[in-house]
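The values are calculated or read from the model by the stated rules, or taken from the named source; none is laboratory data. As the structure is a prediction and not an experimental result, all values here were calculated from the model. Counting neighbours? That spans all protein chains shown, and the Cβs are built from the backbone with ideal geometry, glycine included. These area figures cover heavy atoms from the full protein model, side chains too; ligands, DNA and RNA do not enter into them. Shrake-Rupley method; radii C 1.70, N 1.55, O 1.52, S 1.80 Å.
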Amino acid sequence: MSETKQLLNRLPNDIGGLPADPIQRTDHELEPWEKRCHVLADVLDFHKIINTEEKRRGVEALGAEMVGKLTYYERWIAAFANILFQKGILTPSELARKMDEVAARWEDDSLERVP
Amino acid sequence: MSQRDHDHDQDHPHAEISHSERPGYYDVMETAVRELLVEKRLFGADEIRRQIEVLDSRTPALGAKVVARAWVDPEFRARLLTNGRSACEELGITFYDDTQLIVLENTDTVHNLIVCTLCSCYPRPVLGLPPDWYKLKAYRSRAVSEPRVVLAEFGTNIPDDVEVRVSDSTAIVRYLVLPKRPDETDDYSEEQLATLVTRDAMIGVIPVTVGSGR
């Protein structure tokens, strides 16, 4: 089978049955933002804004490179942003402005902490 | 696909996060997305706070309670195997999502293992969040094609005359393994039994033993 046929047959998430390394029994406590991201996913699902299947497809749509390089919850939030753009709920420029505002809030807070 | 193990960056425990540390790009993105959606009144900030409490309340202790009840109460066990969700709800475990729960009973002739090959679906209302290894390529890829080898890597050797069944979770159908009650526990109370039941036993990668548990 050619390598490109494999790419068509299997999206990045579809790895059941592929060869892989031995199991490493890894785990970690979620960082606060990862927990918030998980809760955001739950609330988006409750309100039928983004359901679990849409979330998975949104992660796959990031493409193999991003799926390979981003961590689990980084993939989720990136997928949420893209899906919300596609649904016309948010715009990219709106999100960019808000991210600047959130980052600036931290800068302001840290300035206040300087004695 | 020349895919490196894409989750290996989560393999190490994270250091404590101090409040003065600059938030990362994705941390900022999460806050921005959430605040914009709250501003647009798609949901309330209080819903986020409530759901954090729900998330914190879900641990494998809930699943252990279900398993112990099934071991001591045959009628409950029968209801649990018929409809996992409604039987858990009898014990006051609420399902905050639309998922169904199928409970798979281990016996002398069948050993069950659960996986989500596509991502990380898991019986979260009764077990909380899955461990990282459950979400990683090695387990997701191999659990369905060579489950006995995978089980052996967890130290679990299943005799050849015991069938191994692997159930692949979906967005709306989740699985929970009902492990075998260990021998020599006839005099255990339901509460004592529950302390033996671990998360990994309810995923199906290890058995419940008298020495296991919390």
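Per DSSP H run of n ≥ 4, the term is -39500 (n - 2.57); total these for chain B, divide by its residue number, and report the mean residue ellipticity at 222 nm rounded to 500 deg cm²/dmol.
Result for chain B, helices only: -11500 deg cm²/dmol.
Enter the angle in degrees (range 0 to 90, nearest 10) between the Cα long axis of helix B:45-57 and the first principal axis of the Cα atoms of chain B, meaning the one along which they spread out most.
30
Mind checking the log10 I(q)/I(0) for segment B:91-155 at q = 0.12, 0.15, 0.21 Å⁻¹? Debye, one equal scatterer per Cα, no solvent, two decimals.
Each listed q maps to, in turn, -0.37, -0.58, -1.02.
What are the ³J(HN,Hα) values, in whole Hz, obtained from phi via the Karplus relation 6.51 cos²θ - 1.76 cosθ + 1.60 with θ = phi - 60°, for each residue of segment B:82-91 in sequence order, with x given for Gly and Pro?
Residue by residue, segment B:82-91 yields 7, 8, x, 5, 5, 5, 5, 5, 4, 8 Hz.
Per residue, how many Å² of accessible area does the protein assembly as shown show with a 1.4 Å probe?
That works out to 49 Å² per residue.
What does the net charge come to around B:G24 if you take all other residues with beta carbon closer than 10 Å to its beta carbon, with K and R at +1 and D and E at -1?
Charge balance near B:G24 sits at -4.
Pairs of alpha-carbon atoms within less than 8 angstrom and 6+ residues apart define the contacts here; what relative contact order does chain B have, in percent?
That works out to 23 percent.
Pairs A:K69/B:K135; A:K98/B:K40; A:K48/B:K65; B:K137/B:K180: which are spaced more than 20 Å apart, C-alpha to C-alpha?
As for pairs spanning more than 20 Å Cα to Cα, those are A:K48/B:K65; B:K137/B:K180.
Putting +1 on Lys and Arg Cβ atoms and -1 on Asp and Glu Cβ atoms, find which of B:A78, B:P159, A:M66 reaches farthest to the positive end of the dipole of the protein assembly as shown.
Farthest along the dipole direction, towards plus: A:M66.
Mind grabbing the base-10 log of I(q)/I(0) for chain A at q = 0.10, 0.14, 0.16, 0.20 Å⁻¹? Debye formula, identical points on the C-alpha positions, no solvent, two decimal places.
-0.44, -0.79, -0.96, -1.25
Would you compute, for the Cα atoms of segment B:131-214, the largest minus smallest coordinate along each principal axis and list the three values in descending order, in whole Å?
Computed over the Cα atoms, the extents are 40, 31, 20 Å.
Beyond 20 Å, how much of the Cα-Cα pair distribution for chain B remains, as a whole percent? Let's see the in-between values first.
Values: 14653 of 22791 pairs.
So the pairs more than 20 Å apart make up 64 percent of the total in chain B.
Rounded to two decimals, what is Rg over Rh for segment B:45-131 when you use alpha-carbon atoms and the Kirkwood radius? Walk me through the numbers before you get to the answer.
On the way: Rg = 14.0 Å, Rh = 14.1 Å.
Value, to two decimals: 0.99.
With angles folded into 0 to 90 degrees, how steeply does helix A:72-86 sit against the dominant principal axis of chain A? Use alpha carbons for both and round to 10.
Helix A:72-86 sits at roughly 80 degrees to that axis.
How high is the relative contact order of segment A:1-78, in percent, counting Cα pairs under 8 Å that sit 6 or more residues apart? Don't jump to the answer; show the numbers that get you there.
Working: 25 pairs, mean separation 25.8, N = 78.
33 percent.
Quick one: Karplus J couplings for segment B:102-111, per residue in order, coefficients 6.51, -1.76, 1.60, θ = phi - 60°, nearest Hz, x for Gly and Pro?
10, 9, 10, 8, 7, 10, 5, 10, 9, 10
For A:L90, what residues show an amide H to amide H distance below 5 Å, using hydrogens built from the backbone and excluding near sequence neighbours?
A:F85
When only alpha-carbon atoms count, how far does segment A:54-97 stretch along each of its three principal axes, as whole angstroms with the largest first?
Largest first, segment A:54-97 extends 27, 21, 15 Å along its Cα principal axes.
In the P(r) worked out for segment B:175-214, what percent of Cα pairs fall beyond 15 Å?
When all Cα pairs of segment B:175-214 are counted, 32 percent exceed 15 Å.
Determine the total buried accessible area between chain A and chain B, counting protein heavy atoms only with a 1.4 Å probe; round to the nearest 100 Å². Before the final figure, lay out each step's value.
Working: alone 9480 and 13040 Å², together 16200 Å².
Buried area (both sides, nearest 100 Å²): 6300 Å².
Using modelled amide H (1.01 Å from N, peptide plane; none on Pro or chain starts), what sits under 5 Å from the amide H of B:E105, excluding residues fewer than 5 places away?
The answer is B:L178.
Could you estimate the translational diffusion coefficient of the protein assembly as shown from the Stokes-Einstein equation, with Rh from the Kirkwood formula over C-alpha pairs, at 37 °C and 0.692 mPa s, in whole µm²/s?
153
Hey, any idea what Rg/Rh is for segment B:157-200, computing Rh the Kirkwood way over Cα pairs?
Taking Rh as the inverse mean 1/r over Cα pairs, Rg/Rh reads 1.06.
Rounded to the nearest 0.05, what FRET efficiency do B:D46 and B:D161 have when you use their Cβ-Cβ distance and R0 = 51 Å?
0.40
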